[in-house]
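*Asks:* One structure, pasted below without further comment.
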Amino acid sequence: MTTTVDIDVRHDADHQRYEASVVVDGEARVVGVLRYECTDQVVTIPSTVVVPEFRGHGVAAALVAHVLDDARSADLRVRPDCWYVARWFDRHPESQDVLWSEDDHQGTMA
């Protein structure tokens, strides 16, 4: 049985990452990180990592949902180099509006 945990996601733009925290023994603990790179109006996600004991609790899903919402708000596309994010797009067709494709590539930004 999967236990529900309250997940707080924070965008750390200075380090190009999103961090997922949960409260453990009264203290916030970072239990997941999604790294990204943003160039040419594309957010490339190379990795999503979750502490083993918190896998299966929705931590990675919360991270992906936040980055997709932010990308959508900024009119950016998401390139999922991370297997988990690629699988997310396969399982969530409603998110296809922000999925990057070769057709979206229009050169570099000035």
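*Asks:* Give, rounded to the nearest 20 debye, the magnitude of the charge dipole that region 18-97 has about its Cα centre when Lys and Arg contribute +1 at Cβ and Asp and Glu contribute -1 at Cβ.
*Replies:* 220 debye
*Asks:* Moving on. For the pair E53 and D40, how long in nm is the line joining their label points, each one 7 Å along Cα→Cβ?
*Replies:* Taking the simple label geometry, E53 and D40 are separated by 4.3 nm.
*Asks:* Moving to a separate point now. Using a simple spin-label model with points 7 Å from Cα along the Cα→Cβ vector, what separation in nm is obtained for D97 and D14?
*Replies:* That separation, rounded to one decimal, is 3.3 nm.
*Asks:* Shifting gears a bit: With point charges of +1 on the Cβ of Lys and Arg and -1 on the Cβ of Asp and Glu, referenced to the Cα centre of the chain, which listed residue (V42, F89, F54) lies farthest in the positive direction of the dipole?
*Replies:* Result: F54.
*Asks:* Can you give the log10 of the normalised intensity I(q)/I(0) at q = 0.16, 0.18 Å⁻¹, computed with Debye over equal Cα scatterers of the chain?
*Replies:* Per q value, in the given order, log10 I(q)/I(0) is -0.71, -0.87.
Readers should treat all values here as calculations from the given coordinates under stated rules, not as data from a laboratory. If you're wondering where the values come from, they're calculated on a predicted model, not measured in any experiment. Cβ coordinates were reconstructed from backbone atoms using ideal geometry, including for glycine residues, and neighbour counts include every protein chain displayed.
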